[in-house]
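S.K.: Below is the structure I would like to discuss, written out as structure tokens.
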Amino acid sequence: MIAKRLIEWGSSGSTIREIAAYGEARAAQIGAENVFNFTIGSPSVDPPPCVYESVERLMRTLPPTQLHAYAPAPGYESVRQKMAEHLNRSFGAAYRSQDIYMTDGASSALAILTHALLGPGEEALTLTPYFTEYKLYVEAAGGTLREVPSDPETFQIDLGAVERALSPKTALMILNSPNNPSGVVLSRESLTALGRLLEERSRIYGHPIYVIADEPYRELVYGDVEVPFLPLIYRDTIYCYSFSKSLSIPGERVGFLALPPTLTDYENVHAAVYGAGRALGYICVSPLFQLVAAECLGKTADLSVYEKNRNLLYGALQGMGYQCVRPDGAFYLFIRAMEQDAKAFCRRAMEMDLLMVPGDDFGCPGYARIAYCVTTEQIQRSLPVFEKLARSYR
Ligand code: PLP
């Protein structure tokens, strides 16, 4: 029998991709320059030179039997050693090569970890707004995703709301900072308070509450904002990283997860991660791109355009009367819809060929996400349309 739930997930698809596909079809009709597509969070800048140099050299020097062969299931030992050393150098952590598992971007790290850490009927908490796919990963693993509202003024953690959501069924919490879709970076102060609360509840419940720190946007921060390294604040944190955004290589599918050596029940979690990797088929990341990522550690694409876009768009939209929490990172703005129903708001924008994604998909109705990973020129040309949309509500 075909799995009913999977039919449902497969046929409903993602609203983001549906609106983006509409944008492409519309661009073919009226010209790409007349469609202001802010739907997809795909990097718009080129990968840095080190990516090309590394690809070219490895293609020339590696024997085809290695280049196109299976890598070890969790990744090459040498690559995992480099990832561990990089984390240790950057944050003063103490990872070893065996703590790192190379993954196909952050997506497969999340799928592996939710499968490894959630038992049937157990709950994973996440703060709203959140990356849409968390719900699928958690439910596919047999758990339930519990949405915890963040402080609506700041989108920082509302500790009282987390306290109310926690229960003996809580096995996991997924945190994402800088955040997709709000762009907010969680503060050290709020993460420290959260860490204390989770430690206390883990003691009371008699089992660990693991945290997944999903951080594909770590390097995309503007100004001197700190992105605290959560594993050093809360011991039971598993760090998930992706090179998709920092190196602008989302299509190459490379990232990793890192288990701290002091993790509660380390041996079993380690085994469950390997087991989930096998069961889900997330093994042997592309040899070429594991090696490229290891050679480019510490480097990024030129991310300055995102900050320029953030400043331009945030300033202009505020002047037009849009309400939005100032985003310190990632490449998203999450604006309040100008009517209660964000889907209707996005439909009205769509009639003006201005494409955004309703916040409903991120567990936060009443908002719309603008992905500003586009050219600055597109933003400049879109401003009169944003103004027209705001005017239509005055
Ligand atoms: N987590 C968040 C918050 C994201 O926004 C994304 C992608 O946009 C991912 C995870 C998955 O990214 P990837 O699998 O390309 O690393």
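The values are calculated or read from the model by the stated rules, or taken from the named source; none is laboratory data. Computed from a prediction, not measured in an experiment: that's the story for all the values here. Glycine gets a Cβ as well: all are built from the backbone with ideal geometry, and neighbour counts include every protein chain shown.
S.K.: Look at Tyr234 and say whether it is away from the ligand (no atom under 16 Å from the Cβ), in contact (Cβ under 8 Å) with a residue 40 or more places away in the chain and either part of a loop (DSSP other than H, G, I, E, B) or closer than 22 Å to Lys135 by Cβ (or both).
M.R.: Yes.
S.K.: Kindly check whether there is at least one residue in region 301-314 that is of a type in the set (Asp, Glu), surrounded by fewer than 18 Cβ atoms within 10 Å (Cβ to Cβ) and out of contact with any Ser or Thr (no Cβ under 6 Å at 6 or more places or on another chain).
M.R.: Checked region 301-314: at least one residue is of a type in the set (Asp, Glu), surrounded by fewer than 18 Cβ atoms within 10 Å (Cβ to Cβ) and out of contact with any Ser or Thr (no Cβ under 6 Å at 6 or more places or on another chain).
S.K.: Continuing with this model, one more query. Which of the numbered conditions does Gly251 fail, given that it passes all the others? Conditions: (1) assigned to a helix (DSSP H, G or I); (2) touching a Leu at 6+ places or on another chain (Cβ under 6 Å); (3) within 14 Å of the ligand (Cβ to nearest atom).
M.R.: (2)
S.K.: While we're here: Sort out for me the helices (runs of 4 or more DSSP H) sitting completely within region 27-118 that have 2 or more residues that are within 16 Å of the ligand (Cβ to nearest atom).
M.R.: Qualifying helices (runs of 4 or more DSSP H): 105-117.
S.K.: I've got another one for you. Please state which one of Arg57, Arg89, Arg26 is touching an Asp or Glu at 6+ places or on another chain (Cβ under 7 Å) and among the charged types (D, E, K, R).
M.R.: Arg26
S.K.: Search region 246-271 for residues being within 17 Å of Val285 (Cβ to Cβ) and not hydrophobic (A, V, I, L, M, F, W, C), and hand back the single one that is surrounded by the fewest Cβ atoms within 10 Å (Cβ to Cβ).
M.R.: Gly251
S.K.: Out of the residues in region 363-391 meeting the condition of being charged (D, E, K, R) and assigned to a helix (DSSP H, G or I), tell me which one is surrounded by the most Cβ atoms within 10 Å (Cβ to Cβ).
M.R.: Taking the candidates together, the pick is Glu387.
S.K.: Another question, then. Can you tell me which of Arg26, Arg57, Arg96 is within 30 Å of Thr237 (Cβ to Cβ), of a type in the set (Lys, Arg) and surrounded by fewer than 21 Cβ atoms within 10 Å (Cβ to Cβ)?
M.R.: Arg96
S.K.: Same structure, new question: Is there a residue being within 16 Å of the ligand (Cβ to nearest atom) and modelled with pLDDT of 95 or more anywhere in region 186-201?
M.R.: yes
S.K.: Give region 119-153 a look and list any residue that's more than 16 Å from the ligand (Cβ to nearest atom), part of a loop (DSSP other than H, G, I, E, B) and either within 15 Å of Leu175 (Cβ to Cβ) or not assigned by TED's automatic domain parsing to the domain that holds Asn268 (or both), or say none.
M.R.: Within region 119-153, just Asp151 meets the criteria.
S.K.: Just to be sure before I move on: is Thr15 among the hydroxyl-bearing types (Ser, Thr, Tyr) and assigned by TED's automatic domain parsing to the domain that holds Asp360 in the structure I sent?
M.R.: Considered against the rule, which asks whether it is among the hydroxyl-bearing types (Ser, Thr, Tyr) and assigned by TED's automatic domain parsing to the domain that holds Asp360, Thr15 comes out as yes.
S.K.: Next up: Any idea how many residues of region 352-362 are more than 16 Å from Tyr322 (Cβ to Cβ) and in a loop (DSSP other than H, G, I, E, B)?
M.R.: 1
S.K.: I'm told Gly321 meets every condition in (1) in contact (Cβ under 8 Å) with a residue 60 or more places away in the chain; (2) within 21 Å of Asn176 (Cα to Cα); (3) of a type outside the set (D, E, K, R) except one. Can you identify the failing condition by its number?
M.R.: All conditions pass for Gly321, except number (2).
Listed here are the residues, each with its yes/no results for (1) over 21 Å from Phe91 (Cβ atoms); (2) among the small types (Gly, Ala, Ser); (3) assigned to a helix (DSSP H, G or I).
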position	(1), (2), (3)
Ser182	yes, yes, no
Ser202	yes, yes, yes
Glu219	no, no, no
Pro228	no, no, no
Ile238	no, no, no
Val269	no, no, yes
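S.K.: List the pairs whose first member sits in region 327-354 and is outside the structural domain of Leu313 (by TED's automatic domain parsing), whose second member is of a type in the set (Gly, Ala, Ser) and more than 16 Å from the ligand (Cβ to nearest atom), and whose Cβ atoms are under 9 Å apart, counting only residues at least 6 apart or on separate chains?
M.R.: Going by the 9 Å Cβ cut-off, there are no qualifying pairs.
S.K.: Right, next: So, of the residues in region 265-307 that are under 22 Å from Glu85 (Cα atoms) and of a type in the set (Ser, Thr, Tyr), which turns out to be modelled with the lowest pLDDT?
M.R.: Residue satisfying both the conditions and the ranking: Ser286.
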